[in-house]
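J.: Sharing a structure with you now.
The values are calculated or read from the model by the stated rules, or taken from the named source; none is laboratory data. Just so we're clear, the structure is a prediction, and the values are computed from it rather than from any experiment. Using ideal geometry, Cβ is built from the backbone for each residue, glycine included, and neighbour counts are taken over all protein chains shown.
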Amino acid sequence: MLAHFKPHEQVVLTQLITLSLSGELCDITFVHRKPILDVFVSRELGTLFTADKSVTKKIKLISQIELSNGERIWLKRISMVIMMPKEGFSERDLQALDIGRAEQIIWEDEKTIRDLVRDSYCCDAADEDKYIRRFLASRDYEERIYAKYSD
């Protein structure tokens, strides 16, 4: 089924299915709109993709991905899915992060984490540090999760 999608959509759909089944929170960013923060992906998405063989139902579902805030979004409009813990992050945890890490270059074209967050979260300068902290906290959280399962 995933072969029907472009590579970016395959990655995003795999993330959404995983989050749907695990019940983790996430931020979802888009190309030309503000992000949706701290939402759960409908359990129906994960259940359908792991159990149902109907391609028609799957195509319909990904054109109307349901989120816990009541919004329905389309797979093709998603830029990034950023995993968050079920309980979210406290303001204290976010403020404790080293914001200087945002200047780390992450791509060959000299793009930094700050650049990625600014573009992905479609944010202005006033909100940039808030979203950078969320992104960095998410990366740290994901690293802890992956380390736990790779041992």
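J.: So which of THR50, THR112, THR29, THR18 ends up being free of Cβ contacts under 8 Å to residues at least 24 places away in the same chain and of a type in the set (Val, Ile, Thr)?
T.: THR112
J.: Can you tell me which of (1) of a type outside the set (D, E, K, R); (2) surrounded by 12 or more Cβ atoms within 10 Å (Cβ to Cβ); (3) touching a strand residue (DSSP E or B) at 6+ places or on another chain (Cβ under 7 Å); (4) not assigned by TED's automatic domain parsing to the domain that holds GLU143 is the one ILE59 doesn't meet?
T.: Here ILE59 clears every test but (3).
J.: Name every residue in segment 61-109 that is free of Cβ contacts under 8 Å to residues at least 40 places away in the same chain and either among the β-branched types (Val, Ile, Thr) or touching a Ser or Thr at 6+ places or on another chain (Cβ under 8 Å) (or both), in order of residue number.
T.: Residues satisfying the conditions are GLU66, LEU67, SER68, TRP74, ILE99, ALA102, GLU103, GLN104, ILE105, ILE106.
J.: Kindly provide the set of residues from segment 73-120 that are basic (Lys, Arg), in a helix (DSSP H, G or I) and closer than 16 Å to TYR141 by Cα, ordered by number.
T.: ARG92, ARG101
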